[in-house]
Amino acid sequence: MRALQLVWFRSDLRVYDNAALTEAMSHGPTLALFIACPQSWQQHQMAPIKQDLIRRRAQVLEQELAELNVPLLLIEGSSYHDVQSVFEPLLSLGLARVYTELEYELRERRRDQVLQEWLAKQGVGWWQCDRQCAFAPGSFVNGSGAMYQVFTPFKKRWLQRFSEQGLQVLAKPKPQAPIEINLPALTRMHSGDDCSTAWPVEQNALLKQLRRFCQQQVQDYKKLRDLPALDATSRLSPYLAIGAISVRQCIARLQVEAGTALQQADSGASVWLSELIWRDFYKHVLVAWPDLIKHQPFQAETATIRWHNDETLFRAWCDGKTGYPLVDAAMRQLNQTGWMHNRLRMVVASFLVKDLHIDWRKGEQYFMSRLIDGDFAANNGGWQWAASTGTDAAPYFRIFNPITQSERFDPEGDFIRNWVPELAKLPNQHIHWPHKLPISKEYPKAVVDHAKARQVTLELFRHARQQGEKSDEST
Ligand SMILES: Cc1cc2nc3c(=O)[nH]c(=O)nc-3n(C[C@H](O)[C@H](O)[C@H](O)COP(=O)(O)OP(=O)(O)OC[C@H]3O[C@@H](n4cnc5c(N)ncnc54)[C@H](O)[C@@H]3O)c2cc1C
């Protein structure tokens, strides 16, 4: 008899607010599965630190599910092409249905489609929910029936939905009766290399971090969130990226702790909510324009920009050796910790594209290969915003000045001193641009002149726009 429900965990590594787990357990005895797919992760350029975080989180999930009497099979796989070989030996257990949460990226969708068809042939059902966002992509559209291309009206509609419907957060399911299963011999998932241990993975620690942020820090979020030397943002993105917590859990906690402040447009709470809506926005954009996954710019005419792609300059940027202290500090922080503050992501992205004239896709890939919170939609959205090629992007003539950004957002130079030890002894007035002093020879000379680089960027964009206009006229 087919009586066993199987919940397959992917980017939803949690027991709270997990619709696939809740639905599976409501239908009968449930087994859970997680398959590590290092080959596919590498194809996605997933950073080693994110891979380690996933492995550590999956191991803890095994214990959390054991409290619900749900055994979790942690399997070492290779690539998405091979997942069927993991399901084959499980068929003999009498699987009734497989439960999953939808992942939006193309390879993941293809993997699911192939598996679903194969399972159907074996008489096994497939149940999938769409819950990576607070509101599922496509569940609301603009007046012309299309996805919004601009954030502000999207946010307005999102907030309207929120006030009409609220959001449902699912509780942790009640334990099931213990089940006895003769598990087939499959290779158990390896442990990672523990390079992510600075980031806790226990559910209670994450919930505590969320609660503490909403109780103690969110009030000052608007004022302090742009200062990288302070720990003034939630640092929850790595957990949202792997689904160790859900966006609905974040919003529900914010509602409880912020109360009426959430209705005040200028409060820290409503600004934080806006950031979570940006997360939804970029995922909706990705689903509406799947070509973004194929690395196409959203604004088609920018595809013709002739990026210079100088490899030496690219290496200087990657290594934090551009001679621009804030850029270098940010890149060194990324290289050493897998993390970078949002303000700095904007600064270094703008610098790569508009000062070094390097294709934004090279930066996008480099970020994915280093970030602990690498997330295709947010990363692509952030890069295309900075490069002025995306939806609701910065206008092409808005070019961050890396020195004034430094003076504004790291006024005392604390962040720079922390990450660029060569400059640690400089006084504040020279820390943002040390090149007028006979500083230590160890610190690199500036690789470009910002003012000149700015002019080149304006020219690159003007040329691409003219080309676009010409081809419009000839069609
Ligand atoms: C070039 C560039 C690349 C980026 N790459 C990523 C990425 O790979 N993964 C990622 O999660 N975020 C990315 N971001 C967005 C943002 O920088 C991070 O989400 C944020 O720094 C995470 O810190 P936090 O959790 O403390 O955020 P908070 O300030 O506490 O915000 C709360 C949550 O809102 C979401 N969020 C915040 N800002 C954004 C944003 N601009 N776009 C989408 N979601 C947002 C995140 O899930 C974040 O955890 C990128 C931004 C830029 C400019």
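The values are calculated or read from the model by the stated rules, or taken from the named source; none is laboratory data. Only a predicted model underlies this, so the values are computations on that prediction, with no experimental measurement involved. Neighbour counts run over all protein chains shown; Cβ positions are idealised from the backbone, glycine included. Just so you know, the surface numbers come from the protein's heavy atoms only, side chains and all, with ligands and any DNA or RNA stripped out. Shrake-Rupley method; radii C 1.70, N 1.55, O 1.52, S 1.80 Å.
Which one is nearest to Gly243 (Cα to Cα) among residues in region 16-41 that are among the hydroxyl-bearing types (Ser, Thr, Tyr) and assigned to a helix (DSSP H, G or I)? Residue satisfying both the conditions and the ranking: Thr22. Just the residues that are under 22 Å from Glu202 (Cβ atoms) and touching a Lys or Arg at 6+ places or on another chain (Cβ under 9 Å), please, taken from region 23-34. Answer for region 23-34, where residues must be under 22 Å from Glu202 (Cβ atoms) and touching a Lys or Arg at 6+ places or on another chain (Cβ under 9 Å): Met25, Phe34.
Within region 303-321, identify whether any single residue is in a loop (DSSP other than H, G, I, E, B), of a type in the set (Ser, Thr, Tyr) and farther than 21 Å from Asp392 by Cα, and answer yes or no. No, region 303-321 contains no residue that is in a loop (DSSP other than H, G, I, E, B), of a type in the set (Ser, Thr, Tyr) and farther than 21 Å from Asp392 by Cα.
Pick from Ala265, Ala258, Ala269: which is away from the ligand (no atom under 11 Å from the Cβ) and surrounded by fewer than 19 Cβ atoms within 10 Å (Cβ to Cβ)? Just one listed residue meets the conditions, Ala265. For the residues His27, His44, the requirement of being open to solvent by 40 Å² or more (accessible area, probe 1.4 Å), within 20 Å of Asp112 (Cβ to Cβ) and in contact with an Asp or Glu (Cβ under 9 Å, 6 or more places away or on another chain) singles out His44.
For region 184-206, give me each residue that is outside any loop (DSSP other than H, G, I, E, B), crowded, with 17+ Cβ neighbours inside 10 Å and more than 14 Å from the ligand (Cβ to nearest atom).
Gln203
Collect the residues in region 221-260 that are acidic (Asp, Glu) and part of a helix (DSSP H, G or I), keeping them in residue-number order.
Going residue by residue through region 221-260, those that are acidic (Asp, Glu) are 226, 231, 257.
Residue satisfying the conditions is Glu257 alone.
Each residue in region 429-446 was checked for being under 34 Å from the mean Cα position of the chain (by Cα) and open to solvent by 50 Å² or more (accessible area, probe 1.4 Å), and 2 of them qualify. Entry remark, region 335-364: residues being under 26 Å from Ala451 (Cα atoms) and more than 8 Å from the ligand (Cβ to nearest atom) number 16 in total. Would you call Arg306 more than 11 Å from the ligand (Cβ to nearest atom), without any contact (Cβ under 8 Å) to a residue 60 or more places away in the chain and assigned by TED's automatic domain parsing to the domain that holds His357? Against the criterion (more than 11 Å from the ligand (Cβ to nearest atom), without any contact (Cβ under 8 Å) to a residue 60 or more places away in the chain and assigned by TED's automatic domain parsing to the domain that holds His357), Arg306 does not qualify.
Does Arg315 satisfy being more than 30 Å from Lys441 (Cβ to Cβ), open to solvent by 30 Å² or more (accessible area, probe 1.4 Å) and away from the ligand (no atom under 16 Å from the Cβ)?
Criteria not met by Arg315.
Could you identify the single residue in Arg279, Arg332 that is away from the ligand (no atom under 16 Å from the Cβ), open to solvent by 10 Å² or more (accessible area, probe 1.4 Å) and either in a helix (DSSP H, G or I) or in contact (Cβ under 8 Å) with a residue 40 or more places away in the chain (or both)? Exactly one residue qualifies, and that residue is Arg332. Beta carbons closer than 6 Å, at least 6 apart along the sequence or on distinct chains, pair a first residue in region 372-390 that is closer than 17 Å to Leu460 by Cα and assigned by TED's automatic domain parsing to the domain that holds Leu458 with a second that is more than 6 Å from the ligand (Cβ to nearest atom) and at pLDDT 95 or above for Ala386/Ser350; Ala387/Val353; Ala387/Trp360; Gly390/Gln384. Cβ-Cβ distances below 8 Å connect no pair with a first residue in region 159-171 that is more than 15 Å from Arg131 (Cβ to Cβ), a second residue that is open to solvent by 100 Å² or more (accessible area, probe 1.4 Å) and not in a helix (DSSP H, G or I), and a separation of six or more residues or different chains.
The residues of region 85-142 that are open to solvent by less than 60 Å² (accessible area, probe 1.4 Å) and among the hydroxyl-bearing types (Ser, Thr, Tyr), listed by number, are Tyr99, Thr100, Tyr104, Ser139.
Here is a yes/no grid of residues against (1) part of a helix (DSSP H, G or I); (2) near the ligand (Cβ under 10 Å from one of its atoms):
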site	(1), (2)
Tyr366	yes, no
Asn379	yes, yes
Thr389	no, no
Asp392	no, no
Ile399	no, no
Thr404	yes, no
Ile416	yes, no
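Here is a list of conditions, (1) open to solvent by 30 Å² or more (accessible area, probe 1.4 Å); (2) over 30 Å from Leu4 (Cα atoms); (3) assigned to a helix (DSSP H, G or I), and Val218 meets all of them except one; can you say which number that is? Condition not satisfied by Val218: (1).
Mind counting the residues in region 339-371 that are in contact (Cβ under 8 Å) with a residue 60 or more places away in the chain and among the hydroxyl-bearing types (Ser, Thr, Tyr)? Selection size over region 339-371: 1.
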